[in-house]
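Student: Before I ask anything, let me first share the structure, which is written out below as structure tokens.
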Amino acid sequence: MLQLEFFPRTELRSLLDFQSLEHSQLPLSDRKRLAYYPEFYQAPKANDIIRRQHAQLVDKILGLRVKYIEEMLVAEAQGFEPEGTHETWGPILHQGVQTWIGLELQTLQTPYSECFRILQLLKIKPYQHIIDLGAAYGRMGIVIGGLYIKNSFTGYEYVKARVDEGNRLYRELGFSRSQLLQQDLFAQDFELPMADVYFIYDYGQVEHIDHTLRQIEKIAHKRPVKVVVRGKFTKQIISDFHPWLELKYEGKHEEFFSIYTAYIV
Ligand SMILES: C[S@@+](CC[C@H](N)C(=O)[O-])C[C@H]1O[C@@H](n2cnc3c(N)ncnc32)[C@H](O)[C@@H]1O
């Protein structure tokens, strides 16, 4: 059982347990303790609705201000196009880049429990580096910061407000090996750094994802890589145009992501 200062005997067995933590507005010392606790990132049940609700509660308990910032971005986009939708607001605000402004908040990001499951399946070794391509608020970097203390994480994200908020929380929790960088992944001068694992969740338009996969292909000529893919567009692009990626893991119960490997020798 978890020992918090505020809640001396804390169980994390149901959503109600998470809700009571949310309502109590924990001091930073307790939030830090939670962030290093594996059960904190596990949804009480494996179904999708519970995983999303759990993820929303984890955001709130840790103090990640996703709802507030996304509402500000929607308000800004509505100033340009009052009748727009999540398909149009991102490109209007961000020079044509699909940043998914107005998308349902739990669809925008991967649930924490799924980030944790992905990292377990990857069997991450110490000192391996993980990159999230289009990281939003960097949930993957939170799970790595808390549970994989010998690993490092970089998330690239176009939207500055998301980058600033994610980095603010990393700093608050003391996660010095996790960082978010503001970057257009499609920029001509952007050279993708080497990493052991790349994570892509349908970050942008088809040609952008294709461009990124080609950059990973170049890296796979030099070293082994794993690519974790979430979202149907990226999977389709891989099956149509990137035969060099080999499907390694597609579990029966993990319908939301696939893991590929590549080392082109
Ligand atoms: C569907 S979200 C996924 C977030 C995160 N990877 C996760 O799984 O929780 C995709 C993110 O990619 C970002 N994005 C889209 N196009 C981008 C680009 N050209 N450069 C950098 N980020 C981009 C969007 O702003 C959005 O935050």
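Read-outs throughout are calculated quantities, based only on the coordinates presented, and are distinct from any laboratory measurement. Not measured: the values here are computed from a predicted model. Reconstructed Cβ throughout: ideal geometry from the backbone, glycine too, with neighbour counts over all protein chains shown.
Student: What share of the DSSP beta bridges in the chain is antiparallel, in percent to the nearest 5?
Tutor: Antiparallel bridges make up about 35 percent of those DSSP assigns within the chain.
Student: Okay, next question. Per residue of the chain, what 222 nm ellipticity follows from adding -39500 (n - 2.57) for every DSSP H run with n ≥ 4, rounded to the nearest 500?
Tutor: So the helix-based figure for the chain works out to -13000 deg cm²/dmol.
Student: Can you work out the FRET efficiency for the pair Gln205 and Tyr68, with r the C-beta to C-beta distance and R0 = 22 Å, to the nearest 0.05?
Tutor: 0.20
Student: Next question. Could you give the length gained by full extension between Trp244 and Ala187, i.e. 0.36 nm per residue of separation minus their alpha carbon distance, to one decimal place?
Tutor: 18.1 nm
Student: Here's something else I'd like to know. Report, in whole Å, the centroid distance computed from the Cα atoms of the stretch 94-114 and the stretch 223-265.
Tutor: Comparing the Cα centres of the stretch 94-114 and the stretch 223-265, I get a distance of 21 Å.
Student: Given R₀ = 35 Å, what would the calculated FRET efficiency be for Leu121 paired with Gln95, taking r from the Cβ atoms and rounding to 0.05?
Tutor: The pair Leu121/Gln95 has a calculated efficiency of 0.45.
Student: Moving to a separate point now. Which order do the peptides 184-197, 57-70 come out in when sorted by mean C-beta neighbours inside 10 angstrom, highest first?
Tutor: In decreasing order of mean packing, 184-197, 57-70 become 57-70, 184-197.
Student: Note down the relative contact order for the chain as a percent, whole number, built from C-alpha pairs under 8 angstrom at least six residues apart.
Tutor: Result for the chain is 13 percent.
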